[in-house]
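What follows is calculated from the coordinates using simple rules that are stated; it is not laboratory data. Keep in mind that this is a model prediction, so the values were computed, not measured. Quick reminder, even Gly has a Cβ in these numbers, built from the backbone with ideal geometry, and neighbours come from all protein chains shown.
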Amino acid sequence: MTPVDLNQLLANIAQSDRAAFRQLYDATSAKLFAVLLRLLKDRHDAEDALQMVYIKIWQKAPSFGASNASAMAWLITITRNHAIDLIRARKPEAVPLETTQDPIDEALNPEQVALNTALGGELVTCLGELDAQHADAVRGAYVAGESYAELAERLAIPLNTVRTWLRRGLARLKVCMERA
Amino acid sequence: MAETPMPSLNDNDDDALAAEFVLGLLPRDERVAFEKRLHDDQTLRRSVSVWGETLLPLSSTIEPVSPPTDLYTRIESTLFAVSRASQTENLFSRLWVWRTLSAAGVAASLFLGILLFQTTAVRAPDELIRTALLAQLENEAAALRVAAFVDSQSETLVLTRQSGEAEAGRAFELWLIAGDNAPISLGVLASGPRVEVPLSDDVQRLLADGTALAISDEPLGGSPTGQPTGDILAVGSVTQLNL
């Protein structure tokens, strides 16, 4: 089975090709919907968000252009940023979470297990080389959409240093990925 | 115990910003500024793309979930479809005021494309929220179909012609109709499939939710009178989207 060429579809969508848009939707909507469900934790919100995400995809397709970038990474970045806007709008980011329970514990563990068994890729290796807290923060931000305030709260890092702290981790991750 | 020397993320912070953008960690105002730069900065786009791919495996364990079957129809009707709802009458009467044409002719030739979509998304309290205006200009009879899009951060209206060509020796002219006012010409459209129309401050102020855009058939160089003289080939109402 030939996988759908998402880059080609996006190039066609940039030319207002509706059939290509439909094909892209068929090929990617279940994945993007799952990402939205995971982040928004509400089916109704996720449905509305998916609608907006595809409108953005239609509008932004020309800016994806002829780049050799990964179409899926681009689609997921649009999806995640849209969801995160909605999350932040629900809950002002300046106010750290008051809950003391670990908000992403249950979401995270299956991920880690699955990552370690199924992927075994460079990312897993490199996340493994980071401080456990750095790796945890990267996953928390990406998978659960945690903000800096939430990461600071959960990992007990002062709010005014959490950004510098995480950037240090990201820099190490980058060095490791480039080496790999 | 000595720490490993801290690697720097490029010489500036752009790569760190790209990583934060992909992770969704940028505060909104920074993200808006970042996205604005992304438009013109290829290096920045490259950084975003590298980080997007680097972190993509984190989403690979999220099992796909099929969205409701009618969702595509909803998206399609938001972006493309034409509605026969009550606004049609309203827009029609506004056009009627300034358009000197037989009632039969108008009734036969106009097919109004109106976007009714209202996002139910939660609105952020801050004014930095990004919006866009979208209109679908259509006319079933003449088979001219044009999508119009303007982003709150840009001063350009982008028109994408999806079907229809100007007749030989004729031109398409774009009009803005705000309320019951006479149409304002936004100029003659260049012939390519994608046309960017720069917007003056005055026009930007007028271009809002509910404003109509229309395209008329005119002599090369545009209407000699400053008002539409030929057939209205496509018309649509502007809808605001919160992106």
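List every residue whose amide H lies under 5 Å from the amide H of residue B:25, counting only residues 5 or more places away in sequence or on a different chain, with H placed 1.01 Å from N in the peptide plane.
none
Where does the range A:1-87 land on the Kirkwood hydrodynamic radius, alpha-carbon pairs, in angstrom?
When all Cα pairs of the range A:1-87 are included, the Kirkwood radius is 13.0 Å.
How crowded by other chains is A:142-151, given as the mean number of beta carbons from other chains within 10 Å of each beta carbon?
If you average over the peptide's residues, the count of other-chain Cβ atoms is 3.
How do A:44, B:39, A:134, A:82 rank when sorted from fewest to most other Cβ atoms within 10 Å of their own Cβ?
With the sparsest Cβ surroundings first, the list reads A:44, B:39, A:134, A:82.
Using a ≥ b ≥ c from the Cα gyration tensor of the range B:27-68 (square roots of the eigenvalues), is it rounded, prolate or oblate, where a/c under 1.5 gives rounded and otherwise the larger of a/b and b/c decides, a/b for prolate?
Prolate, since a/c reaches 1.5 and a/b exceeds b/c.
When the chain is fully extended, how far beyond the present Cα-Cα distance does residue B:165 get from residue B:38, taking 0.36 nm per residue of separation?
This chain segment gains 42.4 nm when fully extended.
Please give the FRET efficiency for residue B:227 paired with residue B:194, using the beta carbon to beta carbon distance and R0 = 25 Å, rounded to the nearest 0.05.
0.40
How would you classify the range B:153-204 from its alpha-carbon gyration tensor, with a ≥ b ≥ c the square roots of the eigenvalues: rounded for a/c under 1.5, else prolate if a/b is greater than b/c, otherwise oblate?
Oblate.
For peptide A:44-54, what's the mean number of Cβ atoms from other chains within 10 Å of each residue's Cβ?
Per residue, the average neighbour count from other chains is 5.
Please work out whether the range B:169-243 counts as rounded, prolate or oblate from its C-alpha gyration tensor, where a ≥ b ≥ c are the square roots of the eigenvalues and a/c under 1.5 means rounded, while otherwise a/b larger than b/c means prolate and anything else oblate?
Taking the square roots of the gyration eigenvalues as a ≥ b ≥ c, the range B:169-243 is prolate.
Take every residue in peptide B:22-35, count the Cβ atoms of other chains within 10 Å of its Cβ, and give the average of those counts.
So the per-residue partner count for this stretch is 5.
What are the ³J(HN,Hα) couplings of the range A:161-175, residue after residue, when phi is run through the Karplus curve with 6.51, -1.76, 1.60 and θ = phi - 60°? Round to Hz, x for glycine and proline.
Rounded to whole hertz, the list is 10, 4, 5, 4, 4, 5, 4, 4, x, 5, 5, 5, 4, 5, 4.
Can you spot the lysines whose alpha carbon is less than 28 Å from residue A:41's alpha carbon? Ignore those fewer than 8 places along the same chain.
Here the lysines satisfying the reach criterion relative to residue A:41 are A:31, A:56, A:60, A:91.
Using each residue's phi in the range B:198-212, evaluate 6.51 cos²θ - 1.76 cosθ + 1.60 at θ = phi - 60° and report the 3J(HN,Hα) Karplus result to the nearest Hz, with x for Gly and Pro.
Rounded to whole hertz, the list is x, 10, 6, 4, 4, 5, 4, 5, 7, 7, 8, 3, x, 5, 9.
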